[in-house]
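Okay, structure first, notes after.
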Amino acid sequence: MFKREMKVNLKGFIIWSVIIIFLYLVVYLVYPSVTGDTSAQKMDDLMKIFPEDMLKAFNMDLASVDTAFGWLKSEGFVFIYLITGVYSSMLGANILLKEESEKTIEYLNSLPMTRTEVVLGKVWTAAIYITSMILCLGIFNFAAMCLSGDFDKKQLILLSITPLFPALVLFTMSLLISTFFHKTRSMLGISIGLAFAAYVLNVISSMSGSVEFLKFFSPFTLADSRNVVMDVKINPLMPVLTILVSAVFVILTVNRYKKKELI
């Protein structure tokens, strides 16, 4: 079962990883020309026009975009959070539900395994691929920064770990929601919307104290990138919360899947 799932989901993992790495490669190749001469100063001056709360939402109040590393730990990681979040959410929406949608559920029912084992096998497969994607991105960005100039190695390593926290929670959330459907087509828009809605809530919560409570409804709060940029350390509460919340969603998924009528 585990080998089958690894093989089935390998193609999607490779496509997503290659596209993301290619996009960041293009950015790193053109960035020196963008920040050359007086361009960097002009970009910093442009940033001063934006409200402080907006700059804070993207960590632009903590990092200057005059270097590739400055861009990466502000705007650059925004895209990493979003892309890995969308990938994880879509994986959660598809990995279990596709058996019904593609009419392969009869094959699973013929195997000497319980529904709990089916769910857990898929969860482990997804966890490996999500972690591998974030690891590949981290290695690529580290290598790119080594070629681009001086940077804080510890800070980059810690930042590269943070996307794993919201990604795992988004995966398990989508996995649970998928048990209420029978077709992957129905879940596709929901999974993408879930990732974007979660990020929007996180951004809005950081822009005003009156809506700060919204951060408790967004998995992206677990990334806590501002703390890493400022203090160069990961709040130990974030990985603990990630494990606990993900475990709760997995348990709810197992209980729901046991009772579900499979078609």
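The values are calculated or read from the model by the stated rules, or taken from the named source; none is laboratory data. Everything quoted here is computed from the prediction, not taken from an experiment. All Cβ positions, glycine included, derive from the backbone under ideal geometry; neighbour counts span all protein chains shown.
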Out of the residues in the stretch 195-242 that are of a type in the set (S, T, N, Q) and at pLDDT 85 or above, state the one that is nearest to F69 (Cα to Cα). S225
Among the residues in the stretch 165-185, are any surrounded by fewer than 19 Cβ atoms within 10 Å (Cβ to Cβ), assigned to a helix (DSSP H, G or I), touching a helix residue (DSSP H, G or I) at 6+ places or on another chain (Cβ under 9 Å) and at pLDDT below 95? yes
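Quick grid of which residues meet (1) surrounded by 13 or more Cβ atoms within 10 Å (Cβ to Cβ); (2) touching a Pro at 6+ places or on another chain (Cβ under 7 Å); (3) in a helix (DSSP H, G or I); (4) at pLDDT 90 or above:
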| residue | (1), (2), (3), (4) |
| --- | --- |
| P112 | no, no, no, no |
| L120 | yes, no, yes, yes |
| A127 | yes, no, yes, yes |
| I134 | yes, yes, yes, yes |
| L137 | yes, no, yes, yes |
If you go through L262, L252, the only one that is surrounded by fewer than 17 Cβ atoms within 10 Å (Cβ to Cβ) and at pLDDT below 85 is L262
